[in-house]
1. Using a simple spin-label model with points 7 Å from Cα along the Cα→Cβ vector, what separation in nm is obtained for residue 215 and residue 166?
2. Could you give the length gained on full extension between residue 134 and residue 223, defined as 0.36 nm per residue of separation minus the Cα-Cα distance, in nm?
3. Could you tell me which of rounded, prolate or oblate describes the stretch 105-190, using a ≥ b ≥ c as the square roots of the eigenvalues of the alpha-carbon gyration tensor, with rounded for a/c under 1.5 and, failing that, prolate when a/b is larger than b/c and oblate otherwise?
4. Sort 122-131, 94-103, 78-87 by the packing proxy (mean of other Cβ within 10 Å over each peptide's residues), most packed first.
5. In what sequence do 106, 39 fall when counting other Cβ within 10 Å, fewest first?
6. Going by average Cβ neighbours within 10 Å, how do the peptides 171-181, 134-144, 210-220 rank, with the highest at the top?
7. How many nm is it between the label spots at residue 77 and residue 200, if each spot is 7 Å from the Cα in line with the beta carbon?
8. For the stretch 192-245, what are Rg and Dmax over the alpha carbons, in angstrom?
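Please treat every number below as a calculation from the coordinates, not as lab data. Keep in mind that this is a model prediction, so the values were computed, not measured. Here the Cβ positions follow ideal geometry from the backbone for every residue, glycine too, while neighbour counts run over all protein chains shown.
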């Protein structure tokens, strides 16, 4: 079962947003060059990603919406008069995208709601049906409808074959968080290989009560845990180094005696 995060696998979102990026990129780059070193620098467009360009959509739409609102009602700044004619010359082209910005603003909202749902519930038998019910209220345009349909189809495919009552993780963030917690627990030993702290990963995902802790201690004696660590993890790198060099304490002294002097 592929547990790829839905946010990183939304090809429909990527294609729609890529189109948006290609349409606006030339215009925004031109606007940046024309406003960066002028009194209109506060309206400079945001820097766009060169990779994962579909992630430009949210930032680009937010900037376009704010800039267009200012164009509709320009106001002088404290101690600075804004040249309305110059403002229209530099950014008047944004008015052409007024209706498009409204439509494009719908797409990030759909994506964010889908990602939030999959993060909380994972993939399960009713995931596609439940997610569609949550996304439809956000759909107002044909583009939004295509996006939600693509996301629901993807979630349905990922949920196929999942056993009842056994949801599958829908994002790698949980695993990344567990690995981060393991490294923090391991502390300064993190560069020496896997240690017995690895067993903390299992404990980190349990609801721990005094009863469960007592049962765990009774079921797995310390000696058994130590044997598992020796059999499955072996010696850490620092332990190997200690064993390898413990019989060579005079090695450095002997090397100094035979080192030639020039």
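1. 2.0
2. Working: separation 89, 0.36 × 89 = 32.04 nm, distance 5.08 nm.
In short, 27.0 nm is gained.
3. Taking the square roots of the gyration eigenvalues as a ≥ b ≥ c, the stretch 105-190 is oblate.
4. Working: 122-131: 18.3, 94-103: 15.1, 78-87: 10.5.
So the peptides 122-131, 94-103, 78-87, ranked by packing, come out 122-131, 94-103, 78-87.
5. Working: 106 19, 39 14.
The most exposed by this proxy come first: 39, 106.
6. The peptides rank, most packed first, as 134-144, 171-181, 210-220.
7. Computed distance between label sites residue 77 and residue 200 equals 4.9 nm.
8. 14.0, 45
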